[in-house]
Structures are given as C-alpha cells and as structure tokens.
Ligand code: PLP
C-alpha cells in the first residue's frame, strides 16, 4: 500500500510530515554537505554541534522558553524521566534540608491517568521520600475504575511543603487532558497554578512543578511555562522519531547530586543527572542524533506554517470535528465517549463502540478504509484516534466521514 492511502492515527510513535521525511532521507546520505550521513557523523563534529544549538534555539522560539530554563536533550524517554525526576529533585531537597527524615520529603503526584499513576509508582519504588496522591482521576467515575476526568480542583490535597509537585498534561492512554476539549458551557478544567505553595527553601520560587508533556508537547502553547521547574517530553508523538527526550529545566534544579549523595540522598546515575547533561551541553554521551536531526526539520517545517499558534488552532479544529462525530454516534447508541466534557484530550480521542461484535467490525472497516492505529491501549481497550501535529485536517475529514458511515451502518 502507498503511504498516501493511509491515515496514521497511532498513539505513538506517530506520523511525520511528508516534506520532512523526504528532506531527512537526503540527510541520511549527506548531512549538511559533509558527504557523511547524519547517522554516520561524529556527535562532536561542528556540524552536529550547530544542530544541537539550532534545535535548542528553535524550541525556545516556538515555546517562548525563558533564559531561567535550560533545554536539554537526552535518551531514556518518558519512563526514564519518571526516575530521573525523583532522583534529581530529592537530591536538591536533600541539599536544602539535610536533616529531614525521608518520611518528611513529600512528593505530590496528581494522578489523572495511567502515565501519572506509573510515575507515582516509580517514585514510591525508588523511595527516599513519600508519595502523596493529590487527587485520583478515577474517583469521580461511575465504577471508580476509569480515568475519565480531571477531578474538581477543590477536592485536591496538595502538601504544604512538597519536594515537588508532578502532573501529566495529557494522558495518552486514557484521553484525559488539562484544559481539554469542551463542547458545553461547563468549560474546561485548567491546571490550578494558583494553588501551588511557595518553595519552602526559597520563597522566590513556587514549590517545584514538574510536568510530563510527552503527548501534547508543541500541540499548543504551554500555559505558565515559566512557573514550571521542569517539563519533559519524548519526541515520538508530536515532533520526531523516538529516541529523543526533551527536558526544559529551571537552572536552580541543576544541583551537585554527588554532594547530595554524601548527605544521604540516593546516588543519581550520571546519564540521568540534569546538572551533568547541562554542563556538557547535552553531549555528555552520544545523543539520539537522528531523532534530533528530524525533530529540527519538523520544527522548521512547523515554523513555516505559523508555529505553535497555527498548530494550536488546527489541533482544536481537528478535535472539535472528531468529538462532534463521536457525539453523533453517542446519540445513535453506537459510540460512548470515555472521557467527560472539559477533560477530553485534544490529542487522543478515546471512545467505546457499543453492541455485540461492534468493536471488531469497527476495527475491520477502519483497516479497509486505510485508517491505522485506532485500537485503544491494551490496558483499557476501546478505540483511540490520535490527532498529533502531523495529522492534517484533510485526514481528520476522512476519519469523520468514516465515523459517520459506521454510525449509519450500525444504527440502521
Ligand atoms: N508519558 C506519557 C504521557 C506517554 O504517553 C508515554 C508514552 O506513550 C510515556 C510517558 C512513556 O514514554 P516512553 O515510552 O518514551 O518512555
């Protein structure tokens, strides 16, 4: 089958813009006129050093990243950051409060889906502090088991003096997002930045706020970016091939973790140490060069289209169309959206197909229609259509046409 006949709606790794792939195929043969391909050249070459700088610079431009924050490139993905966040931030906390007992080092986790839950489990596994679950997105669901919304902010239980506060902006598996799609007057649930307590060790800051942006990075502006101590994202959903992890980290988080370990903190593996990565300009070890290269091409491509404001506008239009079709299916008794209005992800639309054998019929017809990657995550089932940056409005129109056709066929 030709790629022009396919609509790739996979949750990640996901599609990339065609002009970028064509350009990247040239770079595989000859990177920047060196006569050597991007996967063959030294990461210490001047050409690659320039690429690293250009990538950080274009990210700064796209997201208005202030000089208070470093931009780092590394490997290990989102899951690597589940561990790195805990180790680095508890090391910082140890340096500031050497005499506290571990049970007084509290890590606040806002659990709104499977990924933030995994991150909280990793924090608990690593120890060195205790995990406080600020809120659990399952609490308001009918059976108490599904992550289907961001719980009302007045029910959250933030600690007074947390070592850090952690949340996941977009839950890829469950389709729950802060400031999500809303079709009613009820509006969307925003992240409550106003509730963050001051940093106990430095009143010029708020308690360190950490966000996993793996599946919504660059899909729209990051609200209150400057209030975050750390934001990270894997490249593989919205901006490039897998392998690259992007970290935006406030400079006061770059601490001497070796000194912290001498005071009793857990040692931080060197390749996970933010200060080491920053000091080496993300070249402490060989970075994911091909992924960085393609990500730079993608970011340049998006800049020619109008940058993040353009992406935000188109992504909102895409989600609106798909949720409207899901709603039509709901009215016809064919679909059921998994997530409540106001928390519905712009990136991952998750719903169920109702009726005996209907999901299998949906998947088979989607396959024939050229739609790929629409099966829900294995842990939750159902259907998930992911509408990342590379999915065009035209492709979304094809999806919507397919959904309407399916509703008609099922509803009779
Ligand atoms: N966080 C979120 C929101 C994700 O969607 C994913 C992966 O899909 C991860 C973390 C884990 O990322 P990785 O597979 O890069 O380790």
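Where a number appears in this text, it was derived from the coordinates with a stated rule and is not lab data. This one's a predicted model, so the numbers in the text were calculated from it and none came from an experiment. Note: ideal-geometry Cβ built from the backbone for every residue, glycine included; neighbour counts use all protein chains shown.
Between residue 79 and residue 182, the distance separating the two model label sites (each 7 Å from Cα on the Cα→Cβ line) works out to 3.6 nm. Once you have a ≥ b ≥ c as the square roots of the Cα gyration tensor eigenvalues for region 55-160, tell me rounded if a/c is under 1.5, and otherwise prolate or oblate according to whether a/b is larger than b/c. Oblate is the answer for region 55-160, as a/c is 1.5 or above yet b/c matches or exceeds a/b.
Computed on region 176-244, with alpha-carbon pairs under 8 angstrom and 6+ residues apart, the relative contact order is 21 percent. Go ahead and collect, in residue order, the members of region 286-303 whose backbone nitrogen is under 20 Å from a label point 7 Å along the Cα-Cβ direction of residue 34. What the label zone holds, given the 20 Å backbone N cut-off, is 286-300. Among 272, 193, 302, the largest mean-square fluctuation in a Gaussian network model of the chain, built with springs joining Cα atoms closer than 10 Å, belongs to 193. Across the chain, the relative contact order, built from alpha-carbon pairs under 8 Å that are at least six residues apart, equals 23 percent. Looking at the square roots a ≥ b ≥ c of the eigenvalues of the Cα gyration tensor of region 322-412, which shape do they give, rounded for a/c under 1.5, prolate if a/b is larger than b/c, or oblate? Judged from the Cα gyration tensor, region 322-412 comes out rounded (a/c under 1.5).
Structure remark: mean-square fluctuation, Gaussian network model of the chain, C-alpha springs under 10 Å; the largest value among 31, 351, 73 belongs to 31.
For the pair residue 313 and residue 64 in one chain, pulling the backbone fully straight at 0.36 nm per residue adds 87.9 nm over the alpha carbon distance. Rounded to the nearest 500, the helix-only mean residue ellipticity at 222 nm of the chain stands at -11500 deg cm²/dmol, with each DSSP H run of n ≥ 4 adding -39,500 (n - 2.57).
Oblate is the label for region 46-302, because the ratio a/c of its alpha-carbon gyration tensor axes (a ≥ b ≥ c) is 1.5 or higher and a/b is not greater than b/c. A Gaussian network model of the chain, with springs between Cα atoms under 10 Å, assigns the largest mean-square fluctuation among 352, 160, 185 to 185.
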